[in-house]
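Visitor: If you scroll down you'll find the structure; I have some questions about it.
The values are calculated or read from the model by the stated rules, or taken from the named source; none is laboratory data. Worth saying up front: this structure is predicted, and the values here are computed from it rather than measured. Glycine also receives a Cβ, built like all others from the backbone with ideal geometry; neighbour counts cover every protein chain displayed.
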Ligand SMILES: [Fe+2]
């Protein structure tokens, strides 16, 4: 058995409730269909306990815990303490769908203006079980705005793999064309080993 197969087997046994989703994702030879991702996430019945090996928090920022990836997707468990949030960002080249597993996620959507500034359009609180799907050009920010001690856990799929995204500021005009936005941020993830440690 080669190392990749061993790792795959280990990860599937770590997260048995994700198997229907992983079967679809592992067969991808092209970017995933966003409505299909939405449906698969809506069909999942997962709790924090089901994702326990991937529920790792950090005190200084939200934590991205990579469950599995191929060139066509990455499946990541994001863990947020109270007051932690993403920058305002898009998903350059990747579609994104996520499921709220535990806690309430505050999602703010933004739009470009002729000035080059991005402005918020709306903020909605997403409760457990809610699935959000967005295309690569959508600009948003996700935050845990709950009181101290209240965790937020979300399960994200990016397809294809998310390697960069564009970051926006409400204070500084950015180009209206997302392809010419000035700032890129590296995506940092915590990779789980095959035994979940
Ligand atoms: Fe995002």
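Visitor: Give me the pairs: first residue in region 114-142 and at positive phi and touching a residue at least 12 places away in the same chain (Cβ under 8 Å), second residue within 14 Å of the ligand (Cβ to nearest atom) and in a strand (DSSP E or B), beta-carbon distance under 7 Å, and six or more apart or on different chains, which are they?
Guide: As it stands, the answer is 129/100, since those pairs meet every condition given.
Visitor: Also, quick follow-up: When only residues in region 133-154 that are within 13 Å of the ligand (Cβ to nearest atom) and in a strand (DSSP E or B) count, which is nearest to residue 69 (Cα to Cα)?
Guide: 154
Visitor: To continue, here is another question. Of all residues in region 55-100 being assigned to a strand (DSSP E or B) and more than 16 Å from the ligand (Cβ to nearest atom), which is nearest to residue 30 (Cα to Cα)?
Guide: Just the residues of region 55-100 that are assigned to a strand (DSSP E or B), to begin with: 63-70, 73-80, 85, 88-89, 95-100.
Still in the list and also more than 16 Å from the ligand (Cβ to nearest atom): 67-70.
Working: 67: 20, 68: 16, 69: 13, 70: 11 Å.
For region 55-100, the residue satisfying everything is 70.
Visitor: Name the one entry in 47, 36 that is surrounded by fewer than 16 Cβ atoms within 10 Å (Cβ to Cβ) and modelled with pLDDT of 95 or more.
Guide: Unique residue meeting the criteria: 47.
Visitor: If I ask for residues that are modelled with pLDDT under 95 and not in a loop (DSSP other than H, G, I, E, B), which ones from region 109-123 would you list?
Guide: Listed by number, the residues that qualify are 109, 110, 111, 112, 118, 119.
Visitor: Taking into account only those residues within region 108-120 that are closer than 27 Å to residue 32 by Cα and within 16 Å of the ligand (Cβ to nearest atom), which is surrounded by the fewest Cβ atoms within 10 Å (Cβ to Cβ)?
Guide: Among those that are closer than 27 Å to residue 32 by Cα and within 16 Å of the ligand (Cβ to nearest atom), it is 111.
Visitor: Moving on to the next point. Testing residue 105 on (1) away from the ligand (no atom under 16 Å from the Cβ); (2) within 29 Å of residue 150 (Cα to Cα); (3) at pLDDT 95 or above; (4) touching a strand residue (DSSP E or B) at 6+ places or on another chain (Cβ under 8 Å), one condition comes back false. Which one is that?
Guide: The number of the failed condition is (1).
Visitor: Taking into account only those residues within region 163-179 that are within 14 Å of the ligand (Cβ to nearest atom) and at pLDDT below 80, which is nearest to residue 71 (Cα to Cα)?
Guide: Per the stated criteria, the residue is 163.
Visitor: While we're on this one: Which residues, counting only those in region 24-54, are outside any helix (DSSP H, G or I) and in contact (Cβ under 8 Å) with a residue 24 or more places away in the chain?
Guide: 28, 29, 30, 31, 32, 44, 45, 46, 47, 48, 50, 51
Visitor: If a residue must be in contact with a strand residue (DSSP E or B) (Cβ under 7 Å, 6 or more places away or on another chain) and under 16 Å from residue 94 (Cα atoms), how many such residues does region 30-65 contain?
Guide: 5
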